[in-house]
Every structure is written in structure tokens, then in C-alpha cells.
Amino acid sequence: MSKVLVAYFSPTGTTKRAAQAIAGAIGADLYEIHPETPYTPGDLNWMDKRSRSTIEMNDPASRPAMAGDVPDLSGYDTVFLGFPIWWYVEPRIVDTFLERCDLSGKRVIPFATSGGSGIGQAETSLRARFPLARWEKGRRVGGSDAASWARSVIG
């Protein structure tokens, strides 16, 4: 039996709900990526060029600090990786998380929440930056389809 982790970043709770549905549906462990400094509603205002999220996303080298340690992934075969889509890709703090993990040979399945953007550019970004993982096709999920999608992926 393979062991599965659902790791996710969710500044507003939307991705957290999807992550919990996925973990519950497939019996996976949960790990939340917490920023050292939590995001405020103002930080998340994508229409404000001076907001924290805009500044981070305009700098590809930005790596926001995480609170706490990353989980030991050695016991996991599969990692579902969840995040909201920001500027068509994963938030920079997800890159912070991934740079601190050893994904070598791990099956990694991204999932994202978004009001309208697809996951395609995020998948391209993740594959390019973290080529040692075995990336599988991800999906943009909503509250109602996350669990059934995860069950179909795990089989």
C-alpha cells in the first residue's frame, strides 16, 4: 500500500477545503504550507501593484519564508500538491516548499483552485523547476469534484 501526502497552500481557505476533501477521500495525510507571515486580504489584492502577492509574483526569484519545517517525504510514494493559481502559476511560497523537499522519484500530482485560470501554466512551471519529481497531469478542482477526481487518480 502506497502512502500519500496532500501538501497545500491556502491563504483564504478555498484550497484547504479541496485538500481536506482529497485527503479524506483517499486516506492521505495532510500538510499545510504556512507562510512565516500570514497573508492579509490586502496582501492578496492582485489589483494593487504594491500588494505583497503582486510584488512576490513579479519576482521569479522571490521565495517567501515558511513557518515550521517541511515534512519528511521519505515515507511517501505520492504527493498531491495544492495551491491557488496566482498570475497563471503556483504562488512563490509553493516553490519555497518544493525547494526544501526531496521530490526525487516521487509521484507528484498538482491540483489548483482558481476563479477562472487553468492549471496548465503552473504544471509547465513546476515541471521545469523541479524535474526530479515524476509529475502527473494535474487538475483545477472545485469543492464538489476534488474527492472523486482524487479517487480516480489513485485508482
Item to check | All positions within the stretch 5-32 that are of a type in the set (Val, Ile, Thr), over 12 Å from Leu81 (Cβ atoms) and touching a strand residue (DSSP E or B) at 6+ places or on another chain (Cβ under 7 Å) | outcome: Thr14, Ile26
Item to check | Residue among Thr124, Thr96 that is surrounded by fewer than 18 Cβ atoms within 10 Å (Cβ to Cβ), modelled with pLDDT of 95 or more and of a type in the set (Val, Ile, Thr) | outcome: Thr124
Item to check | Residue that is at pLDDT 95 or above and exposed (fewer than 13 other Cβ atoms within 10 Å of the Cβ), where the choices are Lys137, Lys106 | outcome: Lys137
Item to check | Condition check for Arg134: closer than 16 Å to Ser2 by Cα and free of Cβ contacts under 8 Å to residues at least 40 places away in the same chain | outcome: yes
Next on the checklist: Looking only at residues that are closer than 23 Å to Ala21 by Cβ and not in a loop (DSSP other than H, G, I, E, B) in the stretch 99-115, which one is farthest from the chain's Cα centre (by Cα)?
Outcome noted: Arg107
Checklist entry - When the stretch 128-155 is examined, which residues are found to be in a helix (DSSP H, G or I) and either within 13 Å of the chain's Cα centre (by Cα) or closer than 14 Å to Ile26 by Cβ (or both)? => result Ala146, Ala147, Ser148, Trp149, Ala150, Arg151, Ser152, Val153, Ile154
Next on the checklist: With the requirement that a residue be touching a helix residue (DSSP H, G or I) at 6+ places or on another chain (Cβ under 8 Å) and among the small types (Gly, Ala, Ser), what does the stretch 43-92 give you?
Outcome noted: Ser62, Ala65, Gly82
Next on the checklist: Can you list residue pairs whose Cβ atoms sit under 9 Å apart, with the first residue in the stretch 109-125 being among the small types (Gly, Ala, Ser) and the second being surrounded by fewer than 14 Cβ atoms within 10 Å (Cβ to Cβ) and part of a helix (DSSP H, G or I)? Count only pairs 6 or more apart in sequence or on different chains.
Outcome noted: none
Item to check | Set Tyr31, Tyr76: member being modelled with pLDDT of 95 or more, aromatic (Phe, Trp, Tyr) and within 13 Å of the chain's Cα centre (by Cα) | outcome: Tyr31
Checklist outcome for this item: Counting only strands (runs of 3 or more DSSP E) entirely within the stretch 1-93, those with at least 2 residues that are touching a Phe, Trp or Tyr at 6+ places or on another chain (Cβ under 7 Å) and buried (at least 16 other Cβ atoms within 10 Å of the Cβ) are 4-8, 78-84
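The values are calculated or read from the model by the stated rules, or taken from the named source; none is laboratory data. All of these numbers come straight from a predicted model, not from anything done at the bench. All Cβ positions, glycine included, derive from the backbone under ideal geometry; neighbour counts span all protein chains shown.
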